Amino acid sequence: MKAIDTVVKTQRIGFFLSLLCVIHCAITPLLLTMVPLAGSQLFHSPLFEFGLVAVSLIIAFFGIVRNARNGHSVFLPLAMVTVGTLCIIANFLLLPESAEIYAMTSGGLLIAGGQIINVRKAASCAHHEH
């Protein structure tokens, strides 16, 4: 039971990181136009974005694998996280910079949504042992 609580807490952290990614992707362009400070470039750094996305994805896939091992259906969360990941990869490799806000925000929302569904599936069975 304690292990399931730890997994659910970890997945919630992953969800909040994905949500932070969405907020970052949606607000950074606005901040860059309204606050022309040199320090604001830190949050628009590719390294910062990559780190945020990487940690979120690691937690998301860890939670999905954990739920799959416990016998839960993980098709929807896995599909959402995978499509969100593809949106983010497409943004980094294929899309013009003008599409960044759409691709990153969509990708982040899909990853966060997949994590929410996965956390709910894990929490719904927390009352019995696997």
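The values are calculated or read from the model by the stated rules, or taken from the named source; none is laboratory data. This structure is a prediction, so every number in the text was calculated from the model and none was measured. Glycine gets a Cβ as well: all are built from the backbone with ideal geometry, and neighbour counts include every protein chain shown.
Counting only residues that are closer than 20 Å to Phe61 by Cβ and of a type in the set (Phe, Trp, Tyr), region 87-111 holds 1 of them. Summed over region 75-117, the residues that are closer than 18 Å to Gly14 by Cβ and out of contact with any Gly (no Cβ under 9 Å at 6 or more places or on another chain) give a count of 4.
Taken together, the residues in region 93-117 that are part of a helix (DSSP H, G or I) and surrounded by 15 or more Cβ atoms within 10 Å (Cβ to Cβ) amount to 17. Of all residue pairs spaced 6 or more apart or on separate chains, those with beta-carbon atoms under 7 Å, a first member in region 90-104 that is free of Cβ contacts under 8 Å to residues at least 24 places away in the same chain and closer than 15 Å to Pro46 by Cα and a second member that is of a type in the set (D, E, K, R) and assigned to a helix (DSSP H, G or I) are Asn91/Glu100. Check whether at least one residue in region 58-74 is under 15 Å from the mean Cα position of the chain (by Cα), modelled with pLDDT of 80 or more and among the aromatic types (Phe, Trp, Tyr), and report yes or no. Checked against the condition, which is being under 15 Å from the mean Cα position of the chain (by Cα), modelled with pLDDT of 80 or more and among the aromatic types (Phe, Trp, Tyr), region 58-74 yields at least one hit. Residues in region 14-48 that are at pLDDT 70 or above and over 15 Å from Leu109 (Cα atoms): Ser45, Pro46, Leu47, Phe48.
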